[in-house]
Amino acid sequence: MKKTPKIISVASTKGGVGKTTTSANLGAFLSDQDLKVLLIDADVQPSLSEYYVIDEIADFGLTNLITNPQVQPELVASKIEENLHIVMSDDPEGDLQNWVRNTADGRTRLKMILKKRFCEYDVIIIDTQGAVGALQEATIIAADMIISPVIPDKLCAGEFIHNTLGMINRLAESAEFMGFEIAPLKAFLNCTANTNDSQAYAADIRSLEYQAICRVPVTILNSEIPDTVAFRDATSSQMPAHRYEKTSTRKTGSAFGLMSALVKELDVINEVQ
Ligand SMILES: Nc1ncnc2c1ncn2[C@@H]1O[C@H](COP(=O)(O)OP(=O)(O)OP(=O)(O)O)[C@@H](O)[C@H]1O
Ligand SMILES: [Mg+2]
C-alpha cells in the first residue's frame, strides 16, 4: 500500500498558548528520530517560518500550496535540514482565508493535496493561527491528529472548552454529513507552574467528561510542559528545545526529557512506521 504522510494540526482558537513552539519542537524532535518531516506555517504572522534558519528557500510558500492545483513539494518546501522542511507563510494580508471560504473545495483541498502529492514525508505538522476561520478549518479537516496546547489558567481553560472544542464540534457535525471524520484531539497542559492556581485549573481541565461535550475523542495527555526558560532560550537561539537542553537537574526534567515523554505519549513514531 502506498505510504501517506501522517498529518498533525496544532490548533487552538486562543493565541499565545504555545502552538508555534510545539510545532517547531515536535517537528525537529521527530526529524531526529529519522522521520522526514514537513512543517507548514499556516499563520499570517510567520512565526514558524522564522523559528529556524532556512538553508534553501523554495520559490513559493503557503499560498501556492493551497491554491495551485499543480503544486509539487519542490515548489513550496524550503529546507531547514535534510529531514526537516517547511512551507513558509506568505499571506500577510490574510487573503487565503477568502480563497478558502469562496472556493467550492476550499476546506478539503489541503488534505487531498498533502495526502496525494506529499508522500515523501512521514509526518506533516501544521501550525495554525489562534483564531476561527476557513483556513483554520481546512487545517483541522486535513489532520489525522489534532494537538492543542492548553495553559492552565482562567482565560485559556475557558477558551479551550468553549471555543476550541466548539469549532471542532461544528466541523465534526458538518464532516458527518459530508461522509468523513474529524481527527481525535490530544490536548496537553503547557506552561504549567507550581502554583495553586495553575494546579487547580489543570485539575479542572483533566476532570471534564469530554465525551459528553465533544463529538471527537478528546485525550488530555499525562505529559505536561512546564513554563521553562529553556524553551524560550531555545527559541531565541533558533534551536529545537531538545537539542538545546539535553540534561537538567530540574525536578520537571530537561527539555529533551519533556519532549521525549510528549512524543512517546502521542505515539506518532509507532503510527508512522
Ligand atoms: N513551555 C514553555 N515554557 C516557556 N515559554 C513557553 C513555553 N511554551 C511557549 N512559550 C513561550 O510562550 C510564547 C507564546 O508561544 P507561541 O508563540 O508558541 O504561542 P502560539 O500559540 O503559537 O501564539 P500565536 O497564537 O500568537 O501564534 C512564546 O514566547 C514562547 O517562547
Ligand atoms: Mg504561533
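Please treat every number below as a calculation from the coordinates, not as lab data. Just so it is clear, the model here is predicted, and its values are computed rather than measured. Positions of Cβ are backbone-derived with ideal geometry, glycine not excepted, and every protein chain shown enters the neighbour counts.
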In which sequence would His85, His162, His242 go, from the one with the fewest C-beta neighbours within 10 Å to the one with the most? His162, His242, His85
Considering only region 28-138, what is the antiparallel percent among its DSSP beta bridges, to the nearest 5? 35 percent
Estimated FRET transfer efficiency (Ser260, Thr67; beta-carbon r; R0 41 Å; 0.05): 0.60
Taking 0.36 nm per residue of separation between Arg101 and Ala134 and subtracting their Cα-Cα distance, the length gained on full extension comes to 11.3 nm
Under the definition of Cα pairs under 8 Å and six or more residues apart, what whole-number percent is the relative contact order of region 178-246? 39 percent
For region 118-200, run through the GluC sites (Glu not before Pro) and keep only the ones in DSSP coil with at most 13 other Cβ atoms within 10 Å of their Cβ. Glu120, Glu181
Taking only Cα atoms and a 10 Å spring cutoff, compute GNM fluctuations for the chain and point out the largest among Leu48, Leu262, Leu155. Leu155
Give me the Debye-computed log₁₀ of I(q)/I(0) at q = 0.22, 0.23, 0.27 Å⁻¹ for region 9-56, equal point scatterers on Cα only, no solvent, two decimals. -0.83, -0.90, -1.15
Straight-line reach check, Lys3, cutoff 18 Å on alpha carbons, 8 or more apart in-chain or any other chain, hits among aspartates and glutamates -> Asp34, Glu120, Asp122, Asp144, Asp267, Glu271
If eta is 1.567 mPa s and T is 4 °C, what Stokes-Einstein diffusion coefficient results for region 13-125, Kirkwood Rh from Cα pairs, in µm²/s? 90 µm²/s
Could you run the Debye sum over the Cα atoms of region 6-272, one equal point scatterer each and no solvent, and tell me log10 of I(q)/I(0) at q = 0.11, 0.17 Å⁻¹, two decimals? -0.57, -1.42
Using alpha-carbon pairs under 8 Å, 6+ residues apart, how would you state the relative contact order of the chain in percent? 23 percent
For the cross-link pairs Lys111/Lys154; Lys19/Lys186; Lys6/Lys264; Lys36/Lys251; Lys19/Lys264, which exceed 23 Å when the distance is taken from alpha carbon to alpha carbon? Lys111/Lys154; Lys36/Lys251
What full-extension length gain, to one decimal in nm, is calculated for Ala212 and Val53 as 0.36 nm per residue of separation minus the Cα-Cα distance? 52.9 nm
Among DSSP beta bridges lying fully in region 6-272, give the percent that are antiparallel, nearest 5. 15 percent
Computed [θ] at 222 nm, helices only, for the chain once each DSSP H run of length n ≥ 4 contributes -39500 (n - 2.57): -11500 deg cm²/dmol
Under a Cβ-Cβ cut-off of 10 Å, what is the net charge of the residues other than Ala202 that fall near it, where Lys and Arg count +1 and Asp and Glu count -1? -3
Distance from region 22-58 to region 127-171 (C-alpha centre basis), Å: 20 Å
Projected label distance in nm at His162 and Gln199, using a 7 Å step from Cα toward the beta-carbon: 2.8 nm
Could you size up the charge dipole of region 112-163 around its Cα centre, putting +1 on the beta carbon of Lys and Arg and -1 on that of Asp and Glu, and report it in debye to the nearest 20? 160 debye
How big is Rg to Rh over region 137-273, alpha-carbon atoms, Rh as the Kirkwood inverse-mean-distance radius? 1.00
